[in-house]
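Every number in this text was worked out from the coordinates using simple rules, so none of it is lab data. Keep in mind that this is a model prediction, so the values were computed, not measured. Heads up, the Cβs are rebuilt from the backbone with ideal geometry, glycines too, and the neighbour counts pull from every protein chain shown.
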Amino acid sequence: MSKLFRDARLKVQRANKHIADLEAAISALKENYTATVVQNSDTGHQDLVHAIPEFAEAADNMALIAGDAIHNLKTALDFAWMSVLMKHVPTANFDCAKFPVYPSRQELESALNGVPVNARSNSALFELVVSDIQPYKGGHNGVIYALHKLDIADKHLLLLGLVPLASIDGIMVQRPDGEVVRGFAGATWNLPPYVIAFERNIRIKEKGQTHF
């Protein structure tokens, strides 16, 4: 690995691993998804039940993985900034040196002046951060400010308070008289399972399979 920004690159690699873990966790949710037809003893109707086993635990795990990925990406910026200061501003205070991210351009410029990184002492670095990178709210690199805020939030609560937004469509229902209708359920913010109630003794066709 190149020595240039080596520590920062290691943090990015770790973040990529967490992102891959998150993608795997999402895929596992899709694989564990079930759709079954059950008889409702209270109504006498058949219910189509969509469920994801242990969804709450899976959601908590994904929140933890996302937080780890975000923290490593933010730390990569801090490590890169430290490397820049050590080379270009060796007199800077390294005890509290973090990549500068602020709510406004004015606050960013003020913080850089205190490093000191300004238009006179380090004009190229100053312009790179303020005008090119723009790590402040509303800057064209808005992802950096968002990453900064998410990293702070993750220190106080899980980032993903996941409550799935679910809707169901594309279900074909054939009545005993041969009439075919399509079933669906509107979007709802609820934890699974999701239930669609049907009349008794109909056949439910989904994904090429017929359930009775």
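Taking K and R as +1 and D and E as -1, what net charge do the other residues with C-beta under 15 Å from the C-beta of TYR102 add up to?
Working: positive: LYS74, LYS98, ARG105, LYS137, LYS149; negative: ASP78, GLU107, GLU109, ASP151.
So the surrounding residues net to +1.
Using a Förster distance of 22 Å, how high is the FRET efficiency between THR34 and ASP177, based on the Cβ-Cβ distance and rounded to 0.05? Spell out each step's value before the answer.
Working: r = 30 Å, r/R0 = 1.36.
FRET efficiency, THR34 to ASP177: 0.15.
What is the spin-label model distance, in nm, from THR91 to LYS149 if the labels are put 7 Å beyond Cα along the C-beta direction?
The modelled label-to-label distance comes out at 3.7 nm.
What FRET efficiency comes out for GLU23 versus VAL49 if R0 is 35 angstrom and r is the Cβ-Cβ distance? Round to the nearest 0.05.
Working: r = 27 Å, r/R0 = 0.78.
My answer for the efficiency is 0.80.
Could you check the simple spin-label distance between ASP132 and GLU57, using points 7 Å along Cα→Cβ, in nm with one decimal?
Going from the ASP132 label point to the GLU57 one covers 4.9 nm.
Which of the residue pairs LYS3/LYS137; LYS30/LYS155; LYS11/LYS155 have a Cα-Cα distance greater than 21 Å in the structure shown? Can you show the working numbers first?
Numbers: LYS3/LYS137 32 Å; LYS30/LYS155 29 Å; LYS11/LYS155 18 Å.
With Cα atoms farther than 21 Å apart: LYS3/LYS137; LYS30/LYS155.
Under the definition of Cα pairs under 8 Å and six or more residues apart, what whole-number percent is the relative contact order of the stretch 1-125? Let's see the in-between values first.
Details: 109 pairs, mean separation 32.1, N = 125.
For the stretch 1-125, the relative contact order is 26 percent.
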